[in-house]
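J.: Would you mind keeping the following structure in view while I ask a few things?
Please treat every number below as a calculation from the coordinates, not as lab data. Treat the numbers as computed from the prediction; the structure is a model and nothing was measured. Cβ coordinates were reconstructed from backbone atoms using ideal geometry, including for glycine residues, and neighbour counts include every protein chain displayed.
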Amino acid sequence: MMRPAWILGKVHEGKKRGDAPMNIFILVCALSVAAPDCQRTTAIHSFYAPDPQPTFTGCLREGTMYAAQSRLVTQGTYVKVFCIRERTPETQATER
């Protein structure tokens, strides 16, 4: 199960986690859907932002910006941003 970036808390940067960029996955859900229930299957729209970001902060900032620019976020909806670190051989080795 994917967890939204704001739940993941502290993200380790640098050598421990590698320098793999984070893909930005965005869900647009209706206000009638509780935040924990906002998933790919319950979202009105879901899409990836085009530019991966190297930092957690950049991921959240760019994800929010792309969602706003998409014009898919309308009255009665909200955005949920996921920051998904790309898996590289280096990051896979540090996860073991």
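J.: Using the count of nearby Cβ atoms within 10 Å as a rough guide to exposure, how do PHE47, PHE82, PHE25 rank from fewest to most?
T.: PHE47, PHE25, PHE82
J.: Continuing with the same structure: What is the fewest-to-most order of LEU60, LEU31 by other Cβ atoms lying within 10 Å of their Cβ?
T.: With the fewest neighbours first, LEU60, LEU31 line up as LEU31, LEU60.
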